There are 2 protein chains.
Amino acid sequence: MDRRLEPTLADVAKEAGVSLTTVSRVLNNRGYLSQATKDKVARAIKTLGYRPNQVARALHGKRTYTIGLIVPTVALPFFGEIAVAVENALAESGYRVLICNSLGRSDRERDYLNLLIGNRVDGIISGAHNEDLEEYQSIRMPIVTIDRSLSPRIPNVRCDNEAGGRLATERLLAGGSRRPALLTSRSHGLNLRERGYRITCEAAGIEPIVFEVPFHTAPADRPALMAQCLDGAVGMIDSVFATDDLAAAEVLEWARQRDLLVPEQLRVIGFDGTVAVRRALPTLTTIRQPIEDMAREAVRLLLGRIDAVNSAPLEGGADIPEIGEIVEFPVELLEGSTA
Amino acid sequence: MDRRLEPTLADVAKEAGVSLTTVSRVLNNRGYLSQATKDKVARAIKTLGYRPNQVARALHGKRTYTIGLIVPTVALPFFGEIAVAVENALAESGYRVLICNSLGRSDRERDYLNLLIGNRVDGIISGAHNEDLEEYQSIRMPIVTIDRSLSPRIPNVRCDNEAGGRLATERLLAGGSRRPALLTSRSHGLNLRERGYRITCEAAGIEPIVFEVPFHTAPADRPALMAQCLDGAVGMIDSVFATDDLAAAEVLEWARQRDLLVPEQLRVIGFDGTVAVRRALPTLTTIRQPIEDMAREAVRLLLGRIDAVNSAPLEGGADIPEIGEIVEFPVELLEGSTA
DNA sequence: ATGAAAGCGCTAACAG
DNA sequence: CTGTTAGCGCTTTCAT
């Protein structure tokens, strides 16, 4: 910004014929001011079109009233909706959000972390997917994760993924499926949706079949990878639980190309239940995550920690207890016609 | 942020046993420094885990290297992809973006405008939908609009909407449609997609039929509104050009519920061609906007104006010429099986 | 090659 | 009730 363009407190003070302090006081509505002074200042502010410089205000010390949100990409409906929900929840407390799209690249995530700290955000909500970044361990700042857990020392807000996995798999079985497959972006022991699937299979005496198509696979490469997995299993599986809705959509497309009837020959169920995908594909049966609730809770936890830090005793480490809390929200089955 | 936690320049200076200036110099790599000093300082920085306070840096004058992006909501794939593309284009020049979701509410848009100016962003890219906000006229800051035009005085980057409208309508006619309808979020003389539709209809001697479902209609209310429009036209129309893909998806769903075969009994074509919707609904025939190109151009124009402002003669208005440029990018027909 | 000091725009003691 | 003054953390003349 060119400083010739935006007026400053001093300009207002001169225009109103009072001191800086006085202007600052009416701005912040602090202390006793005569109505006459208030009016004079108000008029000067209006005349000059003055807007307080938040940068200067932030520098003074306290807070920036900005928090950072790191997600893989808001181009995916799930994270786009998370971002909007977080922004809304923050707005209620006068906070704003700096959204960072890591694109799943840990170098970018690291850069963003530094950027956010450099910009002195008051806290960070991370929903990115690099479990490994050691930087997170050394962050001297309130932080909360959403959707995926980062470390036992950092509070995590998520939906009840395991219950969701069970619910999805049970729904497939209830529809008559005998060999449900799992399609996920990363199969491992901590994948709770996968665990729900496996538990349900085991309880029903069914051998699990797990396919993996990495989360950050380019959209153009997905159909081929997916076909590679599924073609080999035709006749063996009779349903698919995809751990996100877009993957489920790709299964539907694969089935269409193979002339498989859904749900008669192949049942499909997804996960997420975002508004955008439901508008695009209302027939998809899926497990809905309560995005708004999750965002609100993440914000509540974060602001709580920020307040704790800011009101901590002035001397001494004052360490806020490291509550590595996990909050899980219940999911919901959305009936469509694909399962 | 609690200042006890993040070290400052002074801390580094003390640790390294040099002056503030020297540290600042090695940080910005300015002036002549002995290698020994550089090393000492570098070591101190590393030891303390020092990161420059960008807030202080920004206050000093120059720029914040942050630009504001205002969109209706990144929860919609089109704007989510715009946001990511803008962020990527900016990152190449060392800029970052403050994303603001107006949710189509002009009060929120106004608040965000003030927020951005208060935070001294270096410029603004607006893709929101409130053509009316008079604030835009008085902004003393580089600004560029994307997707929709705001004022003849503000540069606008968009796709060739009229050509897109023509292309879509021509595609419907080429498929055999005799009565194509338009479904749009706001019908008016400046709606260029609508104009393309009307022009094509007129050239073919066809009476246009226009349905309107407002952009910010709640998802839950859309199917009913849409059915209200379309039910009355069954038998009269044989195809629909929806001016965005999600609306097109809703038309497909309506057709499914009415047992209308697509494309035999009803042809449907959309607009946008976002990656997310194509993953969800790959069969949809649509007009693709070149989002990345648009974002890149918007950023190029904006950074150009920012540089112009910052290098303007120190005295005098120095007014940068008000180039109310319009840049249109060509669209592309994506063949699916719905038209 | 390095340092001292002024100031970016604002807030917050501390006077009066 | 209102003004003076000292910083917040950093960059940048101007000295040395």
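The values are calculated or read from the model by the stated rules, or taken from the named source; none is laboratory data. What you see is a predicted model, and the numbers here were worked out from it, not measured in a lab. Cβ coordinates were reconstructed from backbone atoms using ideal geometry, including for glycine residues, and neighbour counts include every protein chain displayed. Remember, those area values only see protein heavy atoms, side chains included, never the ligands or the DNA or RNA. Shrake-Rupley method; radii C 1.70, N 1.55, O 1.52, S 1.80 Å.
Key figures
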| item | result |
| --- | --- |
| Flag if B:D319 is modelled with pLDDT of 95 or more and either surrounded by fewer than 24 Cβ atoms within 10 Å (Cβ to Cβ) or in a loop (DSSP other than H, G, I, E, B) (or both) | no |
| Residue match in region B:35-47 (condition: within 11 Å of DNA strand D (Cβ to nearest atom), within 12 Å of chain A (Cβ to nearest Cβ) and closer than 29 Å to A:R57 by Cβ) | no |
| Only one of B:R25, B:R57, B:R51 that is over 25 Å from the mean Cα position of the chain (by Cα), within 12 Å of DNA strand C (Cβ to nearest atom) and within 11 Å of chain A (Cβ to nearest Cβ) | B:R57 |
| Positions within region B:89-143 being more than 12 Å from every other protein chain (Cβ to nearest Cβ) and either among the hydrophobic types (A, V, I, L, M, F, W, C) or part of a strand (DSSP E or B) (or both), in sequence order | B:A89, B:I125, B:S126, B:A128, B:L133, B:I143 |
| One residue from A:V71, A:V84 being at pLDDT 90 or above, away from DNA strand D (no atom under 16 Å from the Cβ) and open to solvent by 10 Å² or more (accessible area, probe 1.4 Å) | A:V84 |
| Every residue from region B:262-281 that is over 21 Å from the mean Cα position of the chain (by Cα), under 17 Å from B:F79 (Cα atoms) and either among the acidic types (D, E) or not in a helix (DSSP H, G or I) (or both) | none |
| Test: residue in region B:64-84 that is on the phi < 0 side of the Ramachandran plot and within 13 Å of DNA strand C (Cβ to nearest atom) | yes |
| Counted residues, region A:1-21 - those being more than 8 Å from DNA strand C (Cβ to nearest atom), out of contact with any helix residue (DSSP H, G or I) (no Cβ under 6 Å at 6 or more places or on another chain) and open to solvent by less than 50 Å² (accessible area, probe 1.4 Å) | 2 |
| Matching residues in region B:236-263 - criterion: being of a type in the set (V, I, T) and either away from every other protein chain (no Cβ under 13 Å) or open to solvent by 20 Å² or more (accessible area, probe 1.4 Å) (or both) | B:I237, B:V240, B:T243, B:V262 |
| Pick from region B:172-188, criterion within 17 Å of B:Q265 (Cβ to Cβ) and basic (K, R), ranking: least open to solvent (accessible area, probe 1.4 Å) | B:R179 |
| Any hit, region A:55-65, residues being under 24 Å from A:R305 (Cα atoms), assigned to a helix (DSSP H, G or I) and either more than 10 Å from DNA strand D (Cβ to nearest atom) or touching a Ser or Thr at 6+ places or on another chain (Cβ under 6 Å) (or both) | yes |
| Meets criteria (farther than 24 Å from B:G273 by Cβ and surrounded by fewer than 19 Cβ atoms within 10 Å (Cβ to Cβ)) for A:L266 | no |
| Selection status of B:A36, open to solvent by 50 Å² or more (accessible area, probe 1.4 Å), near DNA strand C (Cβ under 9 Å from one of its atoms) and either in contact with a helix residue (DSSP H, G or I) (Cβ under 6 Å, 6 or more places away or on another chain) or outside any loop (DSSP other than H, G, I, E, B) (or both) | yes |
